[in-house]
Structures are given as structure tokens and as C-alpha cells.
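Data block below; observations after.
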Amino acid sequence: MKEQVQSIRHGAHAAPRLSRPRMAQAFAACVIATGLALADANAQPAAPGPREVPARALPVPTTVSPQMQKIIGAPINPAWNFVGKSAEEWKAFVKAGADGVVKGLAAKREALDVKVEPLTIDGVKAYMVTPAVIPPEHSDKLLIHVHGGCYVSFPGEAATDEALFMAGLGHFKVIVVDYRTPPDHPYPAALDDAMTVWKAAVKMAAPTKMAIFGSSAGGALTLEMVLRAKQEGLPLPGAIAPGTPMSDLTNASDSFATNAMVDGVLVAPNGGCDARAALYANGHDLTDPMLSPIFGDMHGFPPTILTTGTRDLLLSSTVRAHRKLRQAGVEAVLQVFEGQSHAQFYRDPTAPETKEAFAEITRFFDMHLGK
């Protein structure tokens, strides 16, 4: 045993012993290095710079359903960086986009078992979306929907897309606001139209039994409608559901950098969506809460459920809106879906993630509407 211990102590991997003079030199060097490190720590830190990230391939996640894998794996939006050079170019672009959406709506209406009827509410174009089955507990509830499209795209029947999912999966009646859009109708036309419908709708149902929802620009408009209602002393809805809201048009949020070229829908900042938002803003201050609601006072907001995805360019804008609501003492829930880009939670009525997203929103509305 003694020989084994000696072998371990003096084996090939044992550290060599230092003489006393060498130990003294090593100790002195250690003291100097420690002093330099402390000096660096106490020095004025340099401004942090950007982090370089190497190019990499992003596989389609296997942690989502086959339906969602197909959506996530689709090529990026080919029109993501389109910028019209004239009003005529913008109008042609908007019409082409709306026509493309409308082509798929009949199949969605059939799959979700809903009907859509156009109507006009105090001069504002709108649609009523009604599910075939309305449970008794929803018979006196009414939802208001404001559509997305960076404040410019998807007017007309295309505006009903997301509302079909909410009506069909949640079994609520939904009024869709077909608000006026640029280039002919810039800020504040969209918000004005939405508020006109809200003022009329509160005469159709009790405000506490109503909710407002929408995604992207519709998510921002949802928040802006509450800010405006507070400002004008109007009744507030019982709950709201802003999906991936464009809450900060200054693009200050972190995921504008981290998810650039990762999001397959908006793709990157300073592209077509920002150009459309600028067309709507028409030179107005982008920090105005009626354009960027993150800068508004969210005290007194109704209970809120927000939805986004891990690849969403507006992930951070959604997170910041959630945190601001929580800091204001508002009951707010944030649901984040695996792998999804901007607003991909309403694309395929058969996707489990889509059903789950709207089931969560429905459950949240059921908890709060009429309470």
C-alpha cells in the first residue's frame, strides 16, 4: 500500500514541486495579477458593443405538430420588403394581398362552421361573423375584432380572417371592423373607425360582456382603443386579447435584432411592414401612444391575454407590453408558442397549436366577461 501511495504522489501526472524562491515569485505574480484584475473591475466600463453571431441554419422544430411544421418551414414571405413608390403601387399591392387571403376564406368558413355578413355601423364598414353553434353562456357576449396588416393591408373581406378562428373555435359572435386604410386614409382613420364601432357596440351588449381582440396592427389597435376609451371616459371592455401587437413603432425591442431573418412573415425590421406603418403614421410622432401603445398609461386596463411565438419579430414588443401591464397592476397572461413566426397561430384550423391558442383565449374570456 505504501508503495502505491508513493506511486500516486510521484507518478507521471504529479505536479512538480517548486523551490521556495520559485514559490515566492509565483505568489508575487499572483498578487500583481489580482491587483490588475481589481483595477480593471473598478475602472469605468466600456460601452457594450453588439454581439457578433455566426451565420447558421435553422431547422424546422420537431417539437411542433406536422401542420405547424409545414407553416414554419414555408419560404419567407416574398413581399416582406416591398415598398410602394406611389399611391397607385400601394393600392395594387394591397389589392393583390387581400385577393390572396380571400381565396382561402371559403374553405376556412366551412371548416370552422361560421357565416359572414357585411354591415355598416354608423358609416364604418364591418362584418358580423356568427358561429353555427353559440353556447348559452356566450349568447349575451359580443367580441370586436380589429384586423392586422401593418395598418394598410387586408381591407374588405380579408379583414375577417382571424375573426373566423375566434368565432369558430371560441363560439362567439364577432364584429369585424373594416377600418379605412392608407394611402387615402392615414392616422388616425383606423383608430377613429374602431372607436366609432366600439361606441355603437356598447349599445348592443353590456361592455363588461364584450372583448376586443386582433393581431399585429390589430393588436396595437386593441391596446390603443382601450387608451382612447380611457381618455374619452368611455366604458371599457371586460377583457382584451392583443396578439403579437405592434406596440412600439420605434423598433426598440430586442427581438427586432435577435429574430431578424428568423421570422418568416415580417422577416426583418425596416421592411415592408415598417413602410406601411410609416404610411399610416404620415409623419406623426411614432412615440404617440395612439401609434405605439407601449408609451401609454396602462393603469386600469381590463384583463389581457397576449399571444406570440419564439420566432416572432415582435416577440419582445409583446413581452414588453405584458410587463408594462403587469407593472400597472393589470391581470395579464402571456402565451408564447414554440417555433412560430409573426401571427402564425391563425393559419390552419386543423393545427393543434391553433386550437390551443384560441382555447386559451376563450377560457380567459369566459373567466372575465360579465364578471
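The values are calculated or read from the model by the stated rules, or taken from the named source; none is laboratory data. What you see is a predicted model; the values in this text were computed from it and never measured. Here the Cβ positions follow ideal geometry from the backbone for every residue, glycine too, while neighbour counts run over all protein chains shown. Protein only, heavy atoms only, side chains kept; ligands, DNA and RNA dropped before computing areas. Shrake-Rupley method; radii C 1.70, N 1.55, O 1.52, S 1.80 Å.
What are the pairs with Cβ atoms under 9 angstrom where one residue, in region 58-70, is closer than 13 Å to Phe337 by Cβ and open to solvent by less than 60 Å² (accessible area, probe 1.4 Å) and the other, located anywhere, is charged (D, E, K, R) and not in a loop (DSSP other than H, G, I, E, B)? Sequence gap at least six, or different chains.
Filtered contacts from region 58-70: Val64/Glu353; Ser65/Glu353; Gln67/Glu353; Met68/Glu353.
Quick check on my filter: what residues within region 278-293 are buried (at least 16 other Cβ atoms within 10 Å of the Cβ), touching a residue at least 40 places away in the same chain (Cβ under 8 Å) and not small (Gly, Ala, Ser)?
Leu279, Tyr280, Pro289, Met290, Leu291, Pro293
Give me a count of the residues in region 327-371 that are closer than 26 Å to Cys150 by Cα, free of Cβ contacts under 8 Å to residues at least 40 places away in the same chain and open to solvent by 60 Å² or more (accessible area, probe 1.4 Å).
2
Show the residue pairs meeting these rules: Cβ distance below 9 Å; 6+ apart or different chains; first residue within region 300-314 and under 13 Å from Ser215 (Cβ atoms) and open to solvent by less than 30 Å² (accessible area, probe 1.4 Å); second residue among the aromatic types (Phe, Trp, Tyr) and in a loop (DSSP other than H, G, I, E, B).
The qualifying pairs are Thr307/Phe345; Thr308/Phe345; Gly309/Phe345.
Under 8 Å between Cβ atoms, which residue pairs at least 6 apart in sequence (or on different chains) link something in region 79-101 that is more than 21 Å from Tyr179 (Cβ to Cβ) with a partner that is exposed (fewer than 15 other Cβ atoms within 10 Å of the Cβ)?
Listed by first residue and then by second, the contacts come to nothing, as the list is empty.
Taking the residues in region 133-168 that are of a type in the set (A, V, I, L, M, F, W, C) and open to solvent by 30 Å² or more (accessible area, probe 1.4 Å) as candidates, determine which candidate is nearest to Asp192 (Cα to Cα).
Phe154
Considering only residues that are open to solvent by 10 Å² or more (accessible area, probe 1.4 Å) and either acidic (Asp, Glu) or closer than 21 Å to Phe345 by Cα (or both), which ones fall in region 169-192?
Within region 169-192, Leu169, His171, Lys173, Asp178, Asp184, Asp192 qualify.
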